[in-house]
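A.B. asks: Shown below is the structure under consideration.
Since every read-out is calculated from the coordinates, none of them should be taken as a lab result. Quick caveat, the model's predicted, so the values are computed rather than measured. Virtual Cβ from ideal backbone geometry, glycine too; neighbours counted across all protein chains shown.
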Amino acid sequence: MNGAGNGQPTLGINGLGRIGKLSLWYHLDRDNFDRFVVNLGRPVGRSLGDVAQYLEKDSTYGSLCRYLYGHRAKPEIRVVDEERGLLDVYGKEVLVLREERDPARLPWREHGVRVVVDATGRFVDPGAESDGAPALRGHIDAGAKVVVQSSPFKAARKEAPLPDDAIMLINGINQQEYDPDRHRLVSAASCTTTALAHMLRPLLDRKLTANMITAGMSTIHAVTNSQPVLDAVPGAGAKDLRKSRGALDNIVITSTNAARALEPVMPEIARVGFMADSVRIPTSTTSLIILNLTLQGEMTADGNSLINRESINRIYQEAAEGEARGLVAYSEEQNVSSDLRGYDAAVVIEAVETHTRTGFVNVRLPEGCTLPEPYGEDADGVRIPVTHVKIFGWYDNEMGSYTHRLGELTEHVAARALG
């Protein structure tokens, strides 16, 4: 790959909120980029030293030095040039931009940035052009070859087709579909969509559980920065008044597009009747997916269902040890949410809570229809075994599940785009 310094490329990061900051942490640890250009878009604090302190300390995950080197490590961030915004962060050059918010006006070309992670959450329409209003595509105009967006695409015009140069990817699911000659805008989906995809993939890939009839998902989700600490006045046109209530004092029922966002990544899910919702709770990170599935069952000769707690858990254990190693984790412990804070996996299956129940649906045939052998000419219906399955999956929605997958996807895209 082309770049400065030791031959590694320079990574641009637009936005230094939760995902932007933790993305920088991830890439500092993995050492696949030589330099970083980070855009804050505005002055921060009293000096560059305040930015350095923000980078080093984190209320949820502790300090950067411990993330990189363990509990004995000491901070190694120093200001090199206040005026230019240059930091030395554990031996890596990090240039901090503090002036411009419009992606099209950022100096990516000047600084040799070809790959950009946009972690602002503001520029989500892949079809919007950068002529006049700030837009995601502006990064391309400013010199980037490819942009990885840390949220799902959302077109301003509903049902607008995805542009030919845009694609949604989840690492470990469909990242191989990235085409460096075609794709300029890449969405890394969301934390919940990422975890849900990795819960569903092992089931869809196995004949025993592939025939899903319906699916429902609830995510018990940690708070995010979109929620106020205390009650706030709803914004103009706000449809969900609960989102303006204090995050520390409330359980908030809200919506999620995680199931709908899965369809571009896993097209086979479109045939499944899928419902999804979200419940925000007052914790800082680590969320839980409760996945309910209705599967067409298979029975043994003595009338027992082949889809049961043991077979479901065996599928996940096989995936965790095989094709999804490092992405799906399998646990038979009794975990609580803080146990999974920072855990490096897209999802952790809480196997002790897997449940199944099999019943029968009597399907009657329309008048004039008959069933072939062995049902007989007089049969007017058939009993179909149906199994309801409930599966619990933990995911560290900030770092361990989402930002690490985003980082891996960014590395994959950079290697293909710049190789």
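A.B. asks: Can residue 268 be described as more than 26 Å from residue 338 (Cα to Cα) and surrounded by 14 or more Cβ atoms within 10 Å (Cβ to Cβ)?
C.D. replies: Criteria not met by residue 268.
A.B. asks: Taking residue 193 as meeting all but one of (1) part of a loop (DSSP other than H, G, I, E, B); (2) out of contact with any strand residue (DSSP E or B) (no Cβ under 8 Å at 6 or more places or on another chain), write down the number of the exception.
C.D. replies: All conditions are met except number (1).
A.B. asks: Could you list all residues from region 190-225 that are in contact with a helix residue (DSSP H, G or I) (Cβ under 7 Å, 6 or more places away or on another chain) and without any contact (Cβ under 8 Å) to a residue 60 or more places away in the chain?
C.D. replies: Selection gives 210 alone.
A.B. asks: Restricting the search to region 139-178, which residues are more than 26 Å from residue 324 (Cα to Cα) and of a type outside the set (A, V, I, L, M)?
C.D. replies: The answer is 139, 141, 143, 145, 154, 157, 158, 159, 161, 163, 164, 165.
A.B. asks: One residue is enough: does region 114-133 have a residue meeting the conditions touching a Gly at 6+ places or on another chain (Cβ under 6 Å) and of a type in the set (A, V, I, L, M)?
C.D. replies: yes
A.B. asks: Now for a different question. Does residue 256 count as under 21 Å from residue 398 (Cβ atoms) and buried (at least 16 other Cβ atoms within 10 Å of the Cβ)?
C.D. replies: So residue 256 fits the description; yes.
A.B. asks: List the strands (runs of 3 or more DSSP E) that sit entirely inside region 233-309 and contain at least 1 residues that are of a type in the set (A, V, I, L, M) and in contact with a Phe, Trp or Tyr (Cβ under 6 Å, 6 or more places away or on another chain).
C.D. replies: Counting at least 1 such residues, we get 287-296.
A.B. asks: Do you know which of the residues in region 153-181 that are assigned to a loop (DSSP other than H, G, I, E, B) and acidic (Asp, Glu) is surrounded by the fewest Cβ atoms within 10 Å (Cβ to Cβ)?
C.D. replies: 159
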